[in-house]
1. Have a look at Ala282, Ala270 and point out the one that is of a type in the set (Gly, Ala, Ser) and free of Cβ contacts under 8 Å to residues at least 12 places away in the same chain.
2. Within the range 35-55, is there a residue that is at pLDDT 95 or above and open to solvent by less than 40 Å² (accessible area, probe 1.4 Å)?
3. Kindly indicate whether any position in the range 226-245 is charged (D, E, K, R) and modelled with pLDDT of 95 or more.
4. Name the pairs: first residue in the range 198-216 and over 20 Å from Asp125 (Cα atoms), second residue assigned to a loop (DSSP other than H, G, I, E, B) and among the β-branched types (Val, Ile, Thr), Cβ to Cβ under 7 Å, at least 6 apart or on different chains?
5. Given the structure, is Glu128 in contact (Cβ under 8 Å) with a residue 24 or more places away in the chain and acidic (Asp, Glu)?
6. Just to be sure I understand, how many residues within the range 112-129 are of a type outside the set (Ser, Thr, Tyr) and touching a strand residue (DSSP E or B) at 6+ places or on another chain (Cβ under 7 Å)?
7. Which of the following residues is of a type in the set (Ser, Thr, Tyr) and touching a Gly at 6+ places or on another chain (Cβ under 8 Å): Thr190, Thr268?
8. How about the range 66-78: which of its residues are more than 16 Å from the chain's Cα centre (by Cα) and open to solvent by less than 40 Å² (accessible area, probe 1.4 Å)?
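The values are calculated or read from the model by the stated rules, or taken from the named source; none is laboratory data. Quick caveat: nothing in here was measured; it's all calculated off a predicted structure. Here the Cβ positions follow ideal geometry from the backbone for every residue, glycine too, while neighbour counts run over all protein chains shown. Just the protein is used for accessible areas: all its heavy atoms, side chains included, with ligands, DNA and RNA removed. Shrake-Rupley method; radii C 1.70, N 1.55, O 1.52, S 1.80 Å.
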Amino acid sequence: MEKNIKLTDGSELKVGLVGNANSPTIMLPVAKESVYGQEAEHLKLWGVDPELGKHFVEGLTDKFRILHFDYEGHRLQHPNPENLTPETIVQDLLTIANEMNVKKFSYYGYSWLALVGLQLAIRTDRLESLIMGGFPPIDGPYKEMMVVTNKTYKQALNNQNASVVDEQSQISPEKVDWDNIQVKIDTNQTKQFVTMYEHLMEFDDREIQHKLAIPRLAFAGEKDTIVYGESFGNVTVDIIGLLQNKKQELEQLGWDIEILKGKDMDHTKAMQPATVLPLIKAWFIKHLK
């Protein structure tokens, strides 16, 4: 079943619902649209599965009903620069569930879509379980990401009329000069994430932990530390450090914590279906009976 659903800003998002109607439902906003040809080959250079969404959906539908859509891809095509707030994102997700007649559901999100899952969990009683990948549930790097997104937005503003040769996007990540890379993207695309993080500056992720009474898992790759150069504010976003240092405290708060081992298990590798499907599938099977 597929349907185009109108979101809070009036844009329409293609949403799919597959699997046995009697099975527990998992919301997958990470279900990216498949890409092919040269674009697919380029993604593979960066360790990205060009059929990421398809493999997630196919890997879970034997046990669960999957509510899937590419929320990030949609927001890059249809930016919401002034109003991409935690409230409107949650409203979008609940609108999708309503339009697809899904009452209760679990949620899996990765990176910024993981923090969205935490916002969803404290705003609705319809969530049955939550998995956050690549973003810690307490002491999250909101301020660091505010710096990075602000710098990205300012670069995009400065470069929108400049002749920036986009050479670096076509080479492998090992050869990219992260200190000198220039950003030339639609300013609205990056402004919407500035808006989102601005609205999270006063958010206290410790204060809300008592509201979470559902099964929940947080995980990250053991090499998930991103060091940004001067162009991006000289900040370090140490996802794995935050998760490892708070592991015992998080477990006492009721979280399951998993560290994905591997010398190349960085932020990108730890979100690929081949890596993460076995973990999240086994966890969902255990907690959604």
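1. From the options Ala282, Ala270, the qualifying one is Ala282.
2. no
3. Yes.
4. His199/Thr85
5. When the stated conditions are applied, Glu128 passes them.
6. 10
7. Going through Thr190, Thr268 in turn, the sole match is Thr268.
8. Ile66, the sole residue that qualifies.
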